[in-house]
1. Considering only the range 106-124, how many residues are among the small types (Gly, Ala, Ser), touching a residue at least 24 places away in the same chain (Cβ under 8 Å) and surrounded by fewer than 19 Cβ atoms within 10 Å (Cβ to Cβ)?
2. What number goes with the only condition from (1) part of a helix (DSSP H, G or I); (2) at pLDDT 90 or above that Ser16 does not pass?
3. Scanning the range 79-90 for residues that are without any contact (Cβ under 8 Å) to a residue 12 or more places away in the chain and more than 18 Å from Gly115 (Cβ to Cβ), which turns out farthest from the ligand (Cβ to nearest atom)?
4. Right, Leu96: modelled with pLDDT of 95 or more, of a type outside the set (Val, Ile, Thr) and in contact with a Pro (Cβ under 7 Å, 6 or more places away or on another chain) or not?
5. Any chance the range 24-40 includes a residue that's within 13 Å of the ligand (Cβ to nearest atom), closer than 16 Å to Gln97 by Cα, modelled with pLDDT of 95 or more and not in a loop (DSSP other than H, G, I, E, B)?
6. What is the number of the single condition among (1) without any contact (Cβ under 8 Å) to a residue 60 or more places away in the chain; (2) farther than 19 Å from Cys61 by Cα; (3) among the charged types (D, E, K, R) that Asp95 does not meet?
7. I want to confirm something. Restricting to the range 64-78 and keeping residues that are within 9 Å of the ligand (Cβ to nearest atom) and in contact (Cβ under 8 Å) with a residue 12 or more places away in the chain, which single residue is nearest to Val124 (Cα to Cα)?
8. Name the single residue, out of those in the range 41-53 being under 19 Å from the mean Cα position of the chain (by Cα) and buried (at least 16 other Cβ atoms within 10 Å of the Cβ), that is farthest from the ligand (Cβ to nearest atom).
Amino acid sequence: MKKVLMAAATAALVASVAVLASDTKGKTEAAPKTEAKLVGEVICISCYADHESRGPEHAACAASCAKRGVPMGILEDKTGNVYLVVKGHTGANADLQPFAGKKVALTGRWFERGGAKIFNLNTVAEAK
Ligand SMILES: [Cu+2]
(Lines give C-alpha, C1' and ligand atoms only; values in the text may rest on other atoms or scores of the structure.)
Protein backbone atom coordinates (compact mmCIF):
# COMPACT_ATOMS: atom_id res chain seq x y z
CA MET A 1 0.00 0.00 0.00
CA LYS A 2 2.80 2.38 0.92
CA LYS A 3 4.52 1.67 -2.41
CA VAL A 4 1.29 2.35 -4.31
CA LEU A 5 0.83 5.69 -2.53
CA MET A 6 4.45 6.60 -3.20
CA ALA A 7 4.08 5.75 -6.88
CA ALA A 8 0.89 7.82 -7.11
CA ALA A 9 2.54 10.77 -5.40
CA THR A 10 5.55 10.53 -7.73
CA ALA A 11 3.27 10.38 -10.78
CA ALA A 12 1.36 13.44 -9.56
CA LEU A 13 4.61 15.33 -9.02
CA VAL A 14 5.93 14.40 -12.48
CA ALA A 15 2.62 15.48 -14.04
CA SER A 16 2.64 18.86 -12.28
CA VAL A 17 6.25 19.51 -13.29
CA ALA A 18 5.33 18.66 -16.89
CA VAL A 19 2.44 21.12 -16.75
CA LEU A 20 4.71 23.84 -15.33
CA ALA A 21 7.36 23.15 -17.96
CA SER A 22 4.85 23.39 -20.78
CA ASP A 23 3.68 26.75 -19.47
CA THR A 24 7.08 28.42 -19.25
CA LYS A 25 7.73 31.82 -20.78
CA GLY A 26 9.26 32.03 -24.19
CA LYS A 27 7.54 29.02 -25.67
CA THR A 28 7.35 28.79 -29.44
CA GLU A 29 4.09 30.11 -30.79
CA ALA A 30 2.32 28.52 -33.72
CA ALA A 31 4.78 28.07 -36.55
CA PRO A 32 4.23 26.23 -39.81
CA LYS A 33 6.01 22.92 -40.21
CA THR A 34 6.29 23.49 -43.92
CA GLU A 35 8.26 26.19 -45.71
CA ALA A 36 6.71 29.64 -45.59
CA LYS A 37 7.10 32.79 -47.66
CA LEU A 38 7.85 36.22 -46.22
CA VAL A 39 7.59 39.37 -48.33
CA GLY A 40 8.88 42.72 -47.18
CA GLU A 41 11.73 45.20 -47.08
CA VAL A 42 15.27 44.39 -45.94
CA ILE A 43 16.03 46.70 -43.00
CA CYS A 44 18.81 47.24 -40.49
CA ILE A 45 17.24 46.16 -37.19
CA SER A 46 19.13 48.80 -35.20
CA CYS A 47 18.38 51.76 -37.48
CA TYR A 48 14.74 50.79 -37.83
CA ALA A 49 14.27 50.29 -34.09
CA ASP A 50 16.08 53.49 -33.14
CA HIS A 51 14.88 55.96 -35.76
CA GLU A 52 12.59 54.06 -38.15
CA SER A 53 15.10 54.43 -41.01
CA ARG A 54 14.23 52.41 -44.10
CA GLY A 55 13.74 52.61 -47.84
CA PRO A 56 16.09 53.35 -50.75
CA GLU A 57 17.48 56.54 -49.09
CA HIS A 58 18.70 54.40 -46.23
CA ALA A 59 20.02 51.45 -48.27
CA ALA A 60 23.69 52.47 -48.11
CA CYS A 61 23.55 53.00 -44.34
CA ALA A 62 21.78 49.66 -43.82
CA ALA A 63 24.36 47.86 -45.97
CA SER A 64 27.15 49.53 -43.99
CA CYS A 65 25.52 48.44 -40.70
CA ALA A 66 25.23 44.88 -42.04
CA LYS A 67 28.96 44.80 -42.86
CA ARG A 68 29.68 45.77 -39.25
CA GLY A 69 27.56 42.85 -38.06
CA VAL A 70 24.30 44.58 -37.15
CA PRO A 71 21.55 42.02 -37.86
CA MET A 72 19.30 42.68 -40.82
CA GLY A 73 15.62 41.99 -40.71
CA ILE A 74 12.48 42.08 -42.78
CA LEU A 75 9.70 44.63 -42.41
CA GLU A 76 6.76 42.53 -43.57
CA ASP A 77 4.60 44.18 -46.23
CA LYS A 78 1.18 42.99 -45.19
CA THR A 79 1.52 43.31 -41.39
CA GLY A 80 4.28 45.81 -40.61
CA ASN A 81 5.84 43.15 -38.36
CA VAL A 82 9.63 43.02 -38.08
CA TYR A 83 11.37 39.66 -38.41
CA LEU A 84 14.95 39.04 -37.35
CA VAL A 85 16.49 36.79 -40.01
CA VAL A 86 18.91 33.95 -39.34
CA LYS A 87 20.23 31.20 -41.59
CA GLY A 88 20.43 27.95 -39.67
CA HIS A 89 22.95 28.69 -36.94
CA THR A 90 24.66 31.53 -38.76
CA GLY A 91 23.61 35.06 -39.57
CA ALA A 92 21.84 35.97 -42.79
CA ASN A 93 23.57 39.32 -43.43
CA ALA A 94 25.63 38.05 -46.37
CA ASP A 95 22.41 36.98 -48.10
CA LEU A 96 20.36 40.08 -47.25
CA GLN A 97 22.89 42.90 -47.54
CA PRO A 98 22.71 43.12 -51.37
CA PHE A 99 18.97 43.82 -50.98
CA ALA A 100 19.20 46.48 -48.25
CA GLY A 101 16.25 48.87 -48.59
CA LYS A 102 14.63 46.72 -51.29
CA LYS A 103 11.54 44.55 -51.33
CA VAL A 104 12.31 40.83 -51.22
CA ALA A 105 10.54 37.50 -51.05
CA LEU A 106 12.08 34.98 -48.65
CA THR A 107 11.40 31.30 -48.26
CA GLY A 108 12.14 29.53 -45.00
CA ARG A 109 10.44 28.98 -41.65
CA TRP A 110 9.22 31.50 -39.13
CA PHE A 111 9.07 31.23 -35.36
CA GLU A 112 7.80 33.37 -32.55
CA ARG A 113 9.48 32.96 -29.19
CA GLY A 114 9.42 35.26 -26.22
CA GLY A 115 7.72 37.92 -28.32
CA ALA A 116 10.46 37.86 -30.98
CA LYS A 117 9.60 37.07 -34.58
CA ILE A 118 12.37 35.10 -36.24
CA PHE A 119 12.67 33.88 -39.82
CA ASN A 120 15.05 31.06 -40.67
CA LEU A 121 16.12 31.82 -44.23
CA ASN A 122 16.28 29.34 -47.07
CA THR A 123 16.16 31.52 -50.20
CA VAL A 124 15.95 35.25 -50.96
CA ALA A 125 15.03 37.03 -54.20
CA GLU A 126 14.12 40.60 -55.09
CA ALA A 127 10.35 41.11 -55.31
CA LYS A 128 8.36 43.68 -57.23
CU1 LIG B 1 21.78 50.30 -38.92
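1. Summing the residues that are among the small types (Gly, Ala, Ser), touching a residue at least 24 places away in the same chain (Cβ under 8 Å) and surrounded by fewer than 19 Cβ atoms within 10 Å (Cβ to Cβ) in the range 106-124 gives 2.
2. Exception for Ser16: condition (2).
3. The qualifying residue farthest from the ligand (Cβ to nearest atom) is His89.
4. Spelling it out, it is not the case that Leu96 is modelled with pLDDT of 95 or more, of a type outside the set (Val, Ile, Thr) and in contact with a Pro (Cβ under 7 Å, 6 or more places away or on another chain).
5. no
6. (2)
7. So, considering only residues that are within 9 Å of the ligand (Cβ to nearest atom) and in contact (Cβ under 8 Å) with a residue 12 or more places away in the chain, the one nearest to Val124 (Cα to Cα) is Met72.
8. Glu41
The values are calculated or read from the model by the stated rules, or taken from the named source; none is laboratory data. All of these numbers come straight from a predicted model, not from anything done at the bench. With ideal geometry, Cβ positions are generated from the backbone for all residues, glycine too; neighbour counts draw on all protein chains shown.
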